[in-house]
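Single-structure report; data block below.
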Amino acid sequence: MTPMAPGVTPRPVHVVPERSLLAARVADGKLGADTVVLAMDEILGITDAFVITSAGNARHVRTIAEEVEQRLKEAGGGPPARVEGLDDARWVVMDYGDFLVHVFLDEARAFYDLEHLWSAAPRIPWATP
């Protein structure tokens with residue numbers, strides 16, 4: 001291992017729950033648009049990660065949310081502690097405790113712009129190589 005130059009702080013390695021990466025892959029597999037995983041542990045302190053994705057219509061938003069929940073259960077995780085927003089499916093938030101899944105309608109995602117709001121949060125690679 002090469003020593004760091006004086007005055008250089010090593011970049012922290014952000015670890016997010018493996019299930020959040022699975023949620024991102026599931027959303028992407030259901031054609032969620034521009035899926036991202038943000039490491040929130042050092043910024044927010046109440047959760048470790050945000051998974052953010054979007055879809056063009058309410059039916060697609062619901063489909064993504066339902067598939068994420070089903071696949072995470074099949075992988076041995078429990079259901080989310082809370083799900084909000086399924087009624088109108090503009091912004092569905094699934095609370096898994098150590099991470100949140102946000103499934104937006106495209107227009108709502110552009111309006112709330114969580115990636116800009118939390119721009120200091122590192123983006124975590126989630127795609128399977």
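For the reader, a short list of remarks on this structure follows.
- Percent of beta bridges antiparallel (DSSP, the chain, rounded to nearest 5): 65
- Contact order, relative form, for the chain: 28 percent (alpha carbon pairs under 8 Å, 6 or more residues apart, mean separation divided by residue count).
- At q = 0.22 Å⁻¹ the log10 of I(q)/I(0) for the chain amounts to -1.34, computed by Debye summation with a single uniform scatterer per C-alpha, solvent ignored.
- Dipole size of region 18-117 about its Cα centre, with +1 on Lys/Arg Cβ and -1 on Asp/Glu Cβ: approximately 340 debye, rounded to the nearest 20.
- In region 21-75, Cα pairs under 8 Å separated by at least six residues give a relative contact order of 39 percent.
- With a cut-off of 12 Å between beta carbons, the residues surrounding residue 97 carry a summed charge of -1, where Lys and Arg count +1 and Asp and Glu -1.
- Helical content of the chain, expressed as a calculated mean residue ellipticity at 222 nm, amounts to -9000 deg cm²/dmol (DSSP H runs of 4 or more residues, -39,500 (n - 2.57) each, divided by residue number, nearest 500).
No value in this document is a laboratory result; all are computed from the given coordinates. It should be emphasised that the depicted structure is a prediction, and the values quoted were computed from it without experimental measurement. All Cβ positions, even for glycine, are placed from backbone atoms using ideal geometry, and neighbour counts span all protein chains on display.
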